[in-house]
Amino acid sequence: MLTDYHLHLRTDDPDASAAEHFSRANVELYRTAASERGISELGVSEHVYRFKQALEVWRHPFWERYAHDDLDSYCEFVRGQTDLRLGIEADFVPGAEDRMANLLQARDFDYVIGSVHFLREGAVDMDDYSVWDAGRSVEEIWRRYFQTIGEAARSGMFDVLAHPDLVKYWGPERPLPEGDLRRYYELAMEGIAESGIAVEVSTAGLRKRVKELYPAPAFLQMSLEAGAPVALSSDAHRPQDVGADYDRALELLDGLGVRELCVFERRVRRLEPIGASAAAGAGPG
Ligand SMILES: [Zn+2]
Ligand SMILES: [Zn+2]
């Protein structure tokens, strides 16, 4: 089986309406793209900050700008009108764990993907509110980023750890710490090992400035040694990116001896052997 669990039906346009994107026609485009790439197991994981209920958790100005949709309508749409697994991409907000846990536990998600996009108020992967403009050293940013990843895992709120080394997002446009980066990855490993969280392998980084898979092979290797299973996703925000560059991800997984992927249903995880299903029209998928 192949999965793509980290999908956004919405584009990043803050003004686009929910009705345009949460539609059966749009889902059909994602399904078709997935079938063409042999991916049978699909789930949608809209950003929590697109929903107005998220403002009960955190009121970052970026969230206030984006929080327009109704979370329960989204859940009803996915459950009632699609055959997609119901997921969500939720930020780990230190200090707001209880409020986020309440929001998540009140809905019957198949899985919750946990992300770290912000270090306190500063964004890792955006020009707006950028953490890189705050006068901190690259070492401090990387250290705090991977410590926060470990805390996110340990929080127990999430089934999957999204794009685990997102801090490298900018590639050559931001400084990189010198030497072996495993001293930073190590900061996250205890939380990963203790929590049993799945680690996402995401092809999204190939479409960003860094032009690499998330995570780096060394991070993935360490996660596997810590006992983490793998969730495979593209983080597509449009149909044509569903399953994008999976050949690259599968090569990495094969090279590290990974033979199984996580499948989620109502927050219960099982492992399925890796393998593409027959392409569209050639059989059930
Ligand atoms: Zn993300
Ligand atoms: Zn995402």
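Coordinate-derived values only; no laboratory data. Predicted model only: the values in this text are computed from it and were never measured. Glycine also receives a Cβ, built like all others from the backbone with ideal geometry; neighbour counts cover every protein chain displayed.
Laid out as a table, the results:
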{"item": "Förster radius 25 Å - calculated FRET efficiency between L29 and R207 (Cβ-Cβ, nearest 0.05)", "result": "0.90"}
{"item": "Q147-D247 FRET efficiency (beta carbon distance; Förster radius 35 Å; 0.05 resolution)", "result": "0.55"}
{"item": "Choice from G257, G135, G80 showing the highest fluctuation, given a GNM over the chain with Cα pairs closer than 10 Å", "result": "G135"}
{"item": "Span from the the stretch 226-277 Cα centroid across to the the stretch 35-69 one, whole angstrom", "result": "20 Å"}
{"item": "In order through the stretch 36-51: 3J(HN,Hα) via Karplus (6.51 cos²θ - 1.76 cosθ + 1.60), integer Hz, x for Gly, Pro", "result": "4, 9, x, 9, 9, 9, 10, x, 10, 9, 5, 5, 4, 6, 7, 10"}
{"item": "Those aspartates and glutamates that a straight Cα-Cα span of less than 13 Å connects to K211, excepting residues fewer than 8 apart in one chain", "result": "D165, E173, D245"}
{"item": "Contour minus Cα-Cα distance for R270 and E194 (0.36 nm per residue)", "result": "25.5 nm"}
{"item": "Cα gyration tensor category, rounded, prolate or oblate, for the stretch 154-249 with a/c compared to 1.5", "result": "oblate"}
{"item": "D_trans [Stokes-Einstein, Kirkwood Rh over alpha-carbon pairs] for the chain, 20 °C, 1.002 mPa s, µm² s⁻¹", "result": "113 µm²/s"}
{"item": "Pair A19, E36: separation of 7 Å Cα→Cβ label points (nm)", "result": "2.9 nm"}
{"item": "Length released on extending from E140 to E225, taking residue separation times 0.36 nm less the Cα-Cα span", "result": "28.0 nm"}
{"item": "Cα shape, the stretch 1-107, gyration tensor, a/c 1.5 rule", "result": "prolate"}
{"item": "Label point distance in nm, D12-A278, each placed 7 Å from Cα along Cα→Cβ", "result": "3.9 nm"}
{"item": "Tail weight of P(r) past 24 Å, computed on alpha-carbon pairs of the stretch 77-175, percent", "result": "30 percent"}
{"item": "Nearest-0.05 FRET efficiency for D98 and E121, computed from C-beta distance (R0 22 Å)", "result": "0.65"}
{"item": "The chain, helix-only ellipticity at 222 nm - DSSP H runs n ≥ 4, -39,500 (n - 2.57), divided by all residues, nearest 500", "result": "-9500 deg cm²/dmol"}
{"item": "Long-range HN-HN contacts of Y214 with modeled amide H, under 5 Å", "result": "S202, A204, G205, L206"}
{"item": "Under the Karplus curve 6.51 cos²θ - 1.76 cosθ + 1.60, θ = phi - 60°, whole-Hz ³J(HN,Hα) for the stretch 5-10, x wherever Gly or Pro sits", "result": "9, 9, 10, 10, 6, 8"}
{"item": "Contour minus Cα-Cα distance for L256 and E76 (0.36 nm per residue)", "result": "60.9 nm"}
{"item": "The stretch 204-216 - phi-based ³J(HN,Hα) in whole Hz, Karplus 6.51/-1.76/1.60, Gly and Pro as x", "result": "4, x, 5, 9, 9, 4, 6, 6, 9, 5, 9, x, 4"}
